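See below for the structure under consideration.
The values are calculated or read from the model by the stated rules, or taken from the named source; none is laboratory data. The shown structure was predicted, so the numbers you read here are calculated from the model rather than taken from an experiment. Note that we place each Cβ from the backbone using ideal geometry, even for glycine, and neighbour counts take in every protein chain shown. The accessibility values were calculated without ligands, DNA or RNA, using every heavy atom of the protein model including side chains. Shrake-Rupley method; radii C 1.70, N 1.55, O 1.52, S 1.80 Å.
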Amino acid sequence: MVISPLTRSLLGRLAVRRVDPITDPLERDLVEVLGRGRVEAGIGAQSLYSHDGSVTRGGRAGIVCFPESTAEVAACVSVSVSHGRPFVPRGAGTGLSGGAVPCDEPVMVVTTRMDVIHEVDVERRLAWVGPGVVNLDLSRHLEGTGLHFAPDPSSQQACTIGGNVATNSGGPHCLLYGVTSAHVLAVEVVLPDGEVVILGAEEGRAAGYDLRGAFVGGEGTLGIATRICVRLTEDPPEVATLLLDFDRVAGAADTVSAVIAAGIVPAALEIMDQRVIEAVEPFAHAGYPLDAAAVLIVELDGLPAGVATAIDRIEVIGTAHGARTVRVAADEDERTRIWKGRKSAFGAIAVIKPDYYLNDTVIPRTRLTEVLSRVYEVIEERDLIVMNVFHAGDGNLHPLIVFDAREPGVMERVLEAGEEIVRISVEAGGVLSGEHGIGLEKKRFMSMQFSPADLEAQDRLRRAFDVEGLANPAKVLPSGASCGHVTSLGRAPDGTWV
Amino acid sequence: MAAFRDEVGDAGTVCVRGGGTRWLVGAVPSHAGDVRQISAPLGIESIEPAEMTVVVGSGTTVADLASALSEHGQEVALDGPVGATVGGALMVGRNPLRRGRLGEIADVLLQADCVGADGQAFTAGGPTVKNVTGFDLCRLLVGSLGTLALVGRVILRTRPLPEAGAWMVGEAPTGIVMEALYRPATVLWDGVRSTVRIEGSCADVADEIRCLEALGFTAADEPVLPAGWDRWSGTLPEGGVRALGSGVVHKPGPVGAPEVSVGVRALADRLRDAFDPLRRLNPGRDPYRMTA
Ligand SMILES: Cc1cc2nc3c(=O)[nH]c(=O)nc-3n(C[C@H](O)[C@H](O)[C@H](O)COP(=O)(O)OP(=O)(O)OC[C@H]3O[C@@H](n4cnc5c(N)ncnc54)[C@H](O)[C@@H]3O)c2cc1C
């Protein structure tokens, strides 16, 4: 994330911070554990760590800690808890649901200094990594081994593997390979009482309850991941990337259902609509037709004959559903450009409006066409602009509402549209979130999908991990503590994303 | 589900019996005399190949589900002895033999309609193939031996059946096999021989067969567990057969009790206390004695 001028000046002020004795007992105890250099109590750090990649505003960080080892994380947690103070784990802060946004000055436990790749075992296809390792850095580190880490969120240049574990992240290639949970073999966790446990096992299932599975996706409310054993996936021998373009969004959506119904599971199936195409083509030079209502990116991988047959079948299916052209990338360069457009879609929206609100819901994929047309209606009725770029193969919608927050009344309309999209998705047999999580943003929608008894059962899981209720409280479940001063929408975050 | 909920009720101890094929795993329910024994709902509600999901009563047998799914060109990552039920397979939670292609059993359960120890019905997870809404109760339930809640109806992730497949056996060590093949469905190692399952398109499977033949492999039948053997989670014991990468071991008789740290055990106990403080559900069973 790029640091804004304001933050930089605040950080500058930090440098000449007081050197006098520490008066706050909590700060004193944390400094005892980490030393002065890795405990920040100044306003600069507090402001920097008060928001994440979501549009949530008004978070209030307390003391910010930068531990470098499991023992230090455990000590930070024990100190916080002994002072009765909540703590919030934080990776890179790219989360889109406010999961890392602090409420009421908790101790922030930032994992970015725990960025060591401890071990890569090529033969057993696993690696132990620190939670602060950046997703793409692991893949780069693995180049030449014939293996990779499959979860590939679009934020992979910045987000941490600890954050991926905590949000159970997805990415375009999770259609075939599964989301983060399928790639986490074991995880070392500092539980909210300071106890260190290893959940899961390097090979196969550990005995007893799947505590690893329960922990993944816990959004920082179940403890802090301090070392992660990830499964490494074989690089496919053959990869083909196809670009299909349509003059109706429905054509692309129907192609997706038909491909899956035909028993083909591509590695990725991504749709981008016309507004996205117009925004990204000028710098991706991917050759997306500017007059298309939608393009569908299909990636097929595996052994050569299987890939070749699937290409032919997809060509037939796409054409039957109105594809105007079906282009197979001729070389690596063309493939890269097709993906560059997809992965930079968020960056491109700045061209249109200064602010964005990105939603994330999942619907049954057979209802894509119908739900998408409802989404466009909801947006039109409220005189807003939406860009759709999403993981169509999983039915995972990402309507991106772009706006200018300075326009009076626009915020209310954006908020209303977001809620309506969630409602439409749930009514269509879908769920609130496919990969960004609930955090603060969707807490109030939980009862749309779950009954009080369902939520009570989830709370039982949470309470077993966090008896005192001090691990990232106020997140996920509506019954939890509230976070009064936080507003759900504000200006888009500083940084490169917009 | 309503009838199942009523049967569970809110008082007295109760256990669910599936096919009884792994009844001894995790110890038999205690209070033997007064435990009410019930069965889970039967039947397949719907199969949706375009969603890659199936809705099924958890008392349905794995075999019945497999044959119904195959008519739609789909399959599911569950297996087990003849007579095993969907609910039983999920609650025991062993990875399928063809894990390399089918995936892990942990990833198969999308939604579970349950009855809790307080007699209330609740739903874990959701119907879609991708979902991170709230806490992941589904993964917690798989392998829980019915000690946290009783599962009546489930939505499972399915996969398209492979176009072709073959079993091969040979003496090359697994390292060489893994080098030679792309994502084999199964690699079994008994200390001398590798038994391998390859799957994919007809032409690719034919290529991989040729590649294995060059390593001295010959065609084999699907391996069946000898009488008195079972599949366990663990590492390679003397005289057992290990399924590479899945943590499953095939061997006669039980394997030793797993080592569990004090912290993990305490967390597990807190979970059980939170879900079933009075130990109404499958009393006496202990998922930590899975392999004992
Ligand atoms: C441009 C952009 C594109 C994105 N694309 C995708 C995408 O394709 N798919 C996707 O799934 N997400 C996507 N995201 C969302 C986000 O990047 C992911 O959720 C990511 O996994 C968060 O990682 P992080 O390190 O930034 O975590 P943070 O934002 O720092 O934290 C996220 C949550 O995890 C918790 N947490 C962090 N580290 C730990 C730890 N070590 N132990 C316990 N809890 C922890 C926090 O408390 C918080 O609740 C995108 C975000 C942006 C800005």
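Keeping all protein chains in position, work out how much accessible area residue A:446 exposes to a 1.4 Å probe, and write it in Å² to the nearest 10.
So the heavy atoms of residue A:446 present about 0 Å² to solvent.
What is the helix-to-structure angle for B:202-214, meaning the angle in degrees between its Cα long axis and the longest Cα principal axis of chain B, kept from 0 to 90 and rounded to the nearest 10?
Approximately 60 degrees, to the nearest 10.
Let a ≥ b ≥ c be the square roots of the eigenvalues of the Cα gyration tensor of the stretch A:241-393; is it rounded (a/c under 1.5), or, if not, prolate (a/b larger than b/c) or oblate?
It is oblate, given that a/c is not under 1.5 and a/b is not larger than b/c.
Within a Cβ distance under 13 Å of residue B:106, other residues only, what is the Lys/Arg minus Asp/Glu net charge?
Charge balance in the 13 Å sphere: +3.
Taking a ≥ b ≥ c as the square roots of the Cα gyration tensor eigenvalues, with a/c under 1.5 meaning rounded and otherwise prolate when a/b beats b/c, else oblate, which class fits the stretch A:14-95?
On the way: a/c = 1.73, a/b = 1.26, b/c = 1.37.
In terms of gyration-tensor shape, oblate.
Once B and A are treated as a pair rather than alone, how much accessible area drops out, both sides summed, in Å² to 100, probe 1.4 Å? Numbers along the way, then the final one.
Working: alone 14180 and 20000 Å², together 28380 Å².
The contact between A and B buries close to 5800 Å².
Quick check: at a probe of 1.4 Å, how many percent of the accessible area of the stretch A:26-110 sits on carbon and sulfur atoms?
48 percent
In whole percent, what relative contact order does the stretch A:273-385 give with Cα contacts below 8 Å and a gap of six or more residues?
Rounded, it is 32 percent for the stretch A:273-385.
Which whole-number percentage describes the relative contact order of chain B, with Cα contacts under 8 Å and a sequence gap of 6 or more? Working shown, then result.
Numbers: 622 pairs, mean separation 61.9, N = 292.
In percent, rounded to a whole number, it is 21.
With the radius of gyration and the Kirkwood radius both derived from the Cα set of chain A, what is their ratio Rg to Rh?
0.97
Would you work out the charge dipole size for the stretch A:26-110 about its Cα centre, treating the Cβ of every Lys and Arg as +1 and the Cβ of every Asp and Glu as -1, and quote it to the nearest 20 debye?
160 debye
What is the spin-label model distance, in nm, from residue A:119 to residue B:70 if the labels are put 7 Å beyond Cα along the C-beta direction?
4.2 nm
Using the alpha-carbon atoms, what tilt in degrees (0 to 90, nearest 10) does helix A:25-34 show relative to the longest principal axis of chain A?
Roughly 70 degrees, rounded to the nearest 10.
Between helix A:70-82 and chain A, what is the angle of the helix's C-alpha long axis to the longest principal axis, kept within 0 to 90° and rounded to the nearest 10?
Relative to chain A, helix A:70-82 is tipped by roughly 60 degrees.
Of the options A:346, A:369, A:326, report the single residue whose Cα projects farthest towards the positive end of the charge dipole of the stretch A:238-427 (beta-carbon charges: Lys, Arg +1; Asp, Glu -1).
A:326
At a Förster radius of 35 Å, what calculated FRET efficiency corresponds to the Cβ-Cβ distance of residue A:324 and residue A:238, to the nearest 0.05?
So the FRET efficiency works out to roughly 0.85.
Tell me, what is the FRET efficiency for residue B:1 and residue B:259 to the nearest 0.05, using R0 = 41 angstrom and their Cβ-Cβ distance as r?
The value I calculate is 0.60.
At 0.36 nm per residue, and after removing the present C-alpha to C-alpha distance, how many nm does the segment from residue B:278 to residue B:179 gain when stretched out fully?
In short, 30.5 nm is gained.
At a 1.4 Å probe, what is the % contribution of carbon and sulfur to the accessible area of the stretch B:2-160?
The nonpolar share, carbon plus sulfur, comes to 52 percent.
With every protein chain left in place, what is the accessible area per residue of chain B in square angstrom, probe 1.4 Å?
Result: 38 Å² of accessible area for each residue.
Does anything in the stretch B:64-105 have its amide N under 11 Å from the 7 Å Cα→Cβ label point of residue B:224, and if so which residues?
Answer for this model: B:82.
Using the Cα atoms of the stretch A:117-234 to build a convex hull, what is its mean projected area in square nanometres? Don't jump to the answer; show the numbers that get you there.
Details: hull surface 27.4 nm².
Projected over every direction and averaged, the Cα hull of the stretch A:117-234 covers 6.9 nm².
Over the Cα atoms of chain B, each weighted equally, I'd like the Debye log10 I(q)/I(0) at q = 0.07, 0.12 Å⁻¹, rounded to two decimals.
Log10 of I(q)/I(0), two decimals: -0.28, -0.81.
Net charge near residue A:62, counting Lys/Arg +1 and Asp/Glu -1 over other residues with Cβ under 11 Å of its Cβ?
Once all neighbours under 11 Å are counted, the net charge is -3.
Suppose the chain between residue A:451 and residue A:336 were pulled fully straight at 0.36 nm per residue; how much longer would it get relative to their current alpha carbon spacing?
Here the segment from residue A:451 to residue A:336 would lengthen by 36.9 nm.
With a point put 7 Å past each Cα toward its Cβ, work out how far residue A:383 is from residue A:311 in nm, to one decimal.
The two pseudo-label positions are separated by 5.0 nm.
Rounded to the nearest percent, how much of the accessible area of the stretch A:139-203 (1.4 Å probe, protein heavy atoms only) is carbon and sulfur?
The C+S portion of the solvent-accessible surface of the stretch A:139-203 is 47 percent.
Given charges of +1 on the Cβ of Lys and Arg and -1 on the Cβ of Asp and Glu, with all other atoms neutral, how large is the dipole of the protein assembly as shown about its Cα centre, in debye to the nearest 20?
1420 debye
Given points 7 Å out from each Cα along the Cα-Cβ axis, report the residue B:23 to residue A:406 separation in nanometres with one decimal.
Result: 7.6 nm between the two label points.
For residue B:171 and residue B:63 in one chain, what is 0.36 nm times their gap in residues minus the Cα-Cα distance, to one decimal in nm?
Working: separation 108, 0.36 × 108 = 38.88 nm, distance 3.20 nm.
So the chain would gain 35.7 nm between residue B:171 and residue B:63.
Any idea what the relative contact order of chain A is, in percent, if you count C-alpha pairs under 8 Å spaced at least 6 apart?
17 percent
Roughly how big is the stretch B:2-160's charge dipole about its Cα centre, with Cβ charges of +1 (Lys, Arg) and -1 (Asp, Glu), in debye to the nearest 20?
With only Lys, Arg, Asp and Glu charged at Cβ, the dipole is about 500 debye.
Taking a probe of 1.4 Å, how large is the accessible area per residue of chain A, in Å²?
That works out to 34 Å² for each residue.
Which residues of the stretch B:176-207 end up with at least 30 Å² less accessible area in the presence of all protein chains than when their chain stands alone, using a 1.4 Å probe?
In the stretch B:176-207, residues shielded by partner chains: B:178, B:182, B:183, B:204.
Run the helix sum for chain A: -39,500 (n - 2.57) per DSSP H stretch of 4+ residues, divided by residue count, reported at 222 nm to the nearest 500 deg cm²/dmol. Before the final figure, lay out the partial values.
On the way: 17 runs with 171 residues, N = 498.
Here the helix-only value at 222 nm equals -10000 deg cm²/dmol.
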